[in-house]
Amino acid sequence: MNKKSFGSRVVAAPYIVWAAIFIIVPLLIMAYFAFTDANGVFSLENFTQIGRFKKAFGLSIFYAIIATIITLLLSYPMAYYMTKLKISSQRMIMMLIMLPMWMNFLIRTYSWITILANTGLINKFLDFLGIGRLQLINTPGAVILGMVYDFIPYMILPIYTAMSKIDNSLLEAASDLGSNSLSRIRRVIMPLSLPGVISGITMVFVPSVSTFYISQKLGGNKDMLIGDAIEYLFNTGPHYYNIASTLSLILMILILICTLIMNRFSDDEEAVVV
Amino acid sequence: MLKKLLPLILCLILCMSLCCCGYEYFELNLEGVYTREFEGTELNVYNWGEYISDGSEGCMDVNREFERLTGIKVNYTTFESNETMYSQLKNGGVSYDIIIPSDYMIARLKSENMLAKIDTASLSNYHYIDDSYKGLFFDETQEYTVPYNVGMVGIIYNSALIKEPEHSWKALWDKKYENMSLNFNNPRDGFMTAQKLLGYSVNSTNLDEWNEACELLKDGKDVLQSYVMDEIYGKLETGEAAIGPYYAGDYLVMYDVNEDLRFFYPEEGTNIFIDSVCIPKCVKNYEAAMLYINFLLEPDIALANAEYIGYASPHNAVINNPDYCYYQNEILYPNQEDMPYVEYYHDIPENVRMHYEDLWLDLKLY
């Protein structure tokens with residue numbers, strides 16, 4: 001539909017204005033800060049400081065990749081299983097998946113402290129069994145767990161949507177042509193659900209790599225992820241806005257590159273656009 | 001029909017039970033005069049977290065009492081560090097009528113011309129402030145501040161989990177307490193623990209001394225469980241962590257929850273601070289702000305705050321009140337001979353400040 005009617009433009013106008021003010025303008029401001037120094041003069045000096053943040057970048061990307069893989073491994077079978085259920089059960093499970101998202105994610109993250117803490121629920125139970133405590137909180141594992149828990153709905157939902165759209169007659173045709181159930185999953189379901197997977201990976205990886213707070217609360221606040229570093233810089237004062245903007249810009253470019261790579265995997269029309 | 005209405009009714013009941021868990025107003029003996037001429041206006045108060053008696057557990061809700069008295073609506077927001085407060089204020093776009101920063105931040109705000117003068121002569125309760133807290137380095141002419149609380153930093157430990165440590169900052173670096181010790185999650189206080197251990201001034205302008213303190217903090221990072229601010233309450237109270245530095249007043253509040261907790265002032269000396277009420281230049285409702293300050297200075301209100309917050313009070317009617325729950329408390333009001341060596345934070349030159357902010361980032365990125 002290349003020809004846009006006047007009506008459709010009017011309908012879209014509020015959102016376009018919204019997007020311009022709250023997405024485009026902030027991006028331009030960020031870019032401006034990233035390429036200037038504290039006096040507002042053009043400078044690339046911020047980019048020379050990036051080396052200091054390589055551990056933070058590395059950790060963020062590493063944690064995000066692990067978290068994305070785990071969410072994918074958990075979500076894919078779950079989504080498949082869901083499509084096999086009665087419609088009413090599907091709706092029920094869908095609601096259960098969405099339910100935690102009705103709560104603020106800061107609170108959900110905070111509640112993991114009481115579960116994982118040295119004196120938390122799990123360790124109290126282990127104490128009770130006489131097994132002794134495990135170091136759960138303040139570990140990379142806890143941070144990744146936090147990411148998986150917070151972002152898993154963003155993986156299940158697109159995969160589930162893609163799978164439930166698969167026409168049942170395709171599966172029947174595959175069976176008629178001699179596929180067993182395993183090869184049906186491999187040759188029919190997997191390729192057709194790929195757009196959902198790609199979309200899910202992007203929607204989990206992007207918030208994971210840029211997250212802050214989770215690492216502060218569950219990771220002991222000792223090693224900064226890149227989101228934490230940006231938060232610290234912005235909170236410390238205006239003289240850090242430039243370097244913080246540079247970090248944000250680089251993070252965005254990294255995310256953009258990842259998204260483009262992911263999109264190459266699916267030549268489907270429904271490829272994600274971020 | 002009923003089936004459809006039922007959820008609605010349940011929701012209503014829930015809302016009502018949330019709204020109406022009754023707060024009973026106190027009977028106040030007020031000395032100042034509080035007009036209602038500013039009724040309907042708003043007052044934006046920006047204060048530290050857990051830093052006013054807020055009506056929990058039957059204590060007084062100071063803001064609600066003020067609202068009832070004057071009809072002024074109090075918009076109360078909190079900050080976690082002086083630096084956060086500063087950057088909020090500096091960024092603009094916010095409007096506060098009352099802020100309660102610490103000494104060194106007051107000096108900085110004053111030097112950057114961000115504070116409005118307070119006419120103390122028109123505050124009928126101002127005479128209660130002890131003279132020893134007036135005219136200090138951050139406000140020598142006493143024109144911009146009204147002291148609110150005084151505090152000192154010490155080390156809190158859980159006597160059920162560890163034996164009494166040597167009274168030194170060294171405890172925070174001690175491998176015995178690996179994964180059980182905490183430290184401050186703000187640069188100034190965090191560096192203070194290392195600077196005191198090294199015997200340096202917390203106001204040093206020698207960058208090498210700051211670098212050395214940073215190296216020391218990096219050495220201690222592996223031993224620490226985490227860097228915290230107010231989360232230290234839960235961590236020490238539940239035994240999640242065994243030892244950590246915090247403000248003396250907060251120790252008393254934690255002790256109410258867990259009586260195994262103990263407190264000492266490290267022998268190398270520590271930091272003392274005064275948080276004072278100020279009016280920022282961006283004030284919109286100056287008259288109401290003055291009423292609020294005078295209200296905070298009411299003996300009844302000051303007592304409620306002092307008992308809730310647990311910090312030492314600069315208010316003579318509180319200090320000399322035998323009914324005050326921390327009356328002559330030896331941690332808050334130590335005798336001359338038990339008084340640790342203390343140092344105030346001063347506003348230090350910008351290059352030093354930016355240096356230590358950078359070092360703190362390095363410590364976290366390390």
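The values are calculated or read from the model by the stated rules, or taken from the named source; none is laboratory data. Values in this document were obtained by computation on a predicted structure and should not be read as measured data. Positions of Cβ are generated from backbone atoms using ideal geometry, with glycine treated the same way; all protein chains shown enter the neighbour counts.
Some points to look at:
- Taking the range B:47-138 as the region of interest, the helices (runs of 4 or more DSSP H) fully inside it that hold 3 or more residues being under 30 Å from A:His239 (Cα atoms) and either assigned by TED's automatic domain parsing to the domain that holds B:Asp358 or of a type in the set (A, V, I, L, M, F, W, C) (or both) are B:103-111.
- Test: residue in the range A:76-83 that is closer than 30 Å to A:Ala244 by Cα and either away from chain B (no Cβ under 14 Å) or in contact (Cβ under 8 Å) with a residue 24 or more places away in the chain (or both): no
- Residue in the range B:175-184 that is part of a loop (DSSP other than H, G, I, E, B), surrounded by fewer than 17 Cβ atoms within 10 Å (Cβ to Cβ) and at pLDDT below 95 present: yes
- Considering (1) within 14 Å of chain A (Cβ to nearest Cβ); (2) touching a residue at least 12 places away in the same chain (Cβ under 8 Å); (3) surrounded by 18 or more Cβ atoms within 10 Å (Cβ to Cβ); (4) not small (Gly, Ala, Ser), the lone condition that B:His355 does not fulfil carries the number (3).
- Restricting the first member to the range B:281-292 and to residues that are in the same structural domain as B:Val74 (by TED's automatic domain parsing) and under 16 Å from B:Lys73 (Cβ atoms), and the second to residues that are among the β-branched types (Val, Ile, Thr) and assigned to a loop (DSSP other than H, G, I, E, B), the beta-carbon pairs closer than 8 Å and six or more apart or on different chains are B:Asn285/B:Thr41; B:Asn285/B:Ile72; B:Ala288/B:Thr41; B:Ala288/B:Ile72; B:Ala289/B:Val283; B:Leu291/B:Thr35; B:Leu291/B:Ile72; B:Tyr292/B:Ile72.
- Residues located in the range B:209-229, provided they are within 14 Å of another protein chain (Cβ to nearest Cβ) and not basic (Lys, Arg): B:Cys214, B:Leu217, B:Asp219, B:Gly220, B:Asp222, B:Val223, B:Leu224, B:Gln225, B:Ser226, B:Tyr227, B:Val228, B:Met229
- Of everything listed in (1) away from every other protein chain (no Cβ under 14 Å); (2) at pLDDT below 95; (3) not in a strand (DSSP E or B), the single unmet condition for B:Arg188 is (1).
- Number of the exception - B:His167 against (1) of a type outside the set (Asp, Glu); (2) under 21 Å from B:Tyr104 (Cβ atoms); (3) part of a loop (DSSP other than H, G, I, E, B): (2)
- In the set (1) within 14 Å of another protein chain (Cβ to nearest Cβ); (2) modelled with pLDDT of 90 or more; (3) out of contact with any Gly (no Cβ under 8 Å at 6 or more places or on another chain), the condition left unmet by A:Lys222 is number (2).
- On inspection, A:Val148 fails the criterion of being within 14 Å of another protein chain (Cβ to nearest Cβ), modelled with pLDDT of 90 or more and within 18 Å of A:Val206 (Cβ to Cβ).
- Verdict on B:Leu361 being over 30 Å from B:Glu27 (Cβ atoms), touching a Leu at 6+ places or on another chain (Cβ under 8 Å) and either away from every other protein chain (no Cβ under 14 Å) or without any contact (Cβ under 8 Å) to a residue 40 or more places away in the chain (or both): yes
- In the range B:230-242, of all residues being outside any helix (DSSP H, G or I) and crowded, with 17+ Cβ neighbours inside 10 Å, the one that is farthest from the other protein chains (Cβ to nearest Cβ) corresponds to B:Ala242.
- Positions within the range B:244-283 being surrounded by 22 or more Cβ atoms within 10 Å (Cβ to Cβ), touching a Phe, Trp or Tyr at 6+ places or on another chain (Cβ under 7 Å) and either in a loop (DSSP other than H, G, I, E, B) or within 14 Å of chain A (Cβ to nearest Cβ) (or both), in sequence order: B:Pro266
- Taken over the range A:44-70, residues that are more than 14 Å from chain B (Cβ to nearest Cβ) and in contact (Cβ under 8 Å) with a residue 24 or more places away in the chain amount to 9.
- Search result, residues across the range B:162-200 that are over 22 Å from A:Gln216 (Cβ atoms) and free of Cβ contacts under 8 Å to residues at least 40 places away in the same chain: B:Lys163, B:Glu166, B:Lys170, B:Lys176, B:Gln195, B:Leu198, B:Tyr200
- Taken as a whole, the condition of being over 30 Å from B:Glu80 (Cβ atoms), surrounded by 11 or more Cβ atoms within 10 Å (Cβ to Cβ) and of a type outside the set (Ser, Thr, Tyr) does not apply to B:Gly49.
- Verdict on A:Ser75 being of a type in the set (Gly, Ala, Ser), surrounded by fewer than 18 Cβ atoms within 10 Å (Cβ to Cβ) and not in a loop (DSSP other than H, G, I, E, B): no
- Checked against (1) away from every other protein chain (no Cβ under 11 Å); (2) over 25 Å from B:Glu350 (Cα atoms); (3) in contact (Cβ under 8 Å) with a residue 24 or more places away in the chain, A:Thr246 passes all but a single condition, namely (2).
- Residue within the range B:312-322 that is closer than 22 Å to B:Arg188 by Cα and either assigned by TED's automatic domain parsing to the domain that holds B:Ile129 or surrounded by fewer than 22 Cβ atoms within 10 Å (Cβ to Cβ) (or both) present: yes
- When B:Asp338 is tested against (1) out of contact with any strand residue (DSSP E or B) (no Cβ under 8 Å at 6 or more places or on another chain); (2) surrounded by 15 or more Cβ atoms within 10 Å (Cβ to Cβ); (3) more than 14 Å from chain A (Cβ to nearest Cβ), only condition (2) is not met.
- Matching residues in the range B:81-112 - criterion: being farther than 21 Å from B:Tyr344 by Cβ and either touching a residue at least 60 places away in the same chain (Cβ under 8 Å) or not small (Gly, Ala, Ser) (or both): B:Gln88, B:Leu89, B:Lys90, B:Asn91, B:Gly92, B:Val94, B:Ser95, B:Tyr96, B:Asp97, B:Ile98
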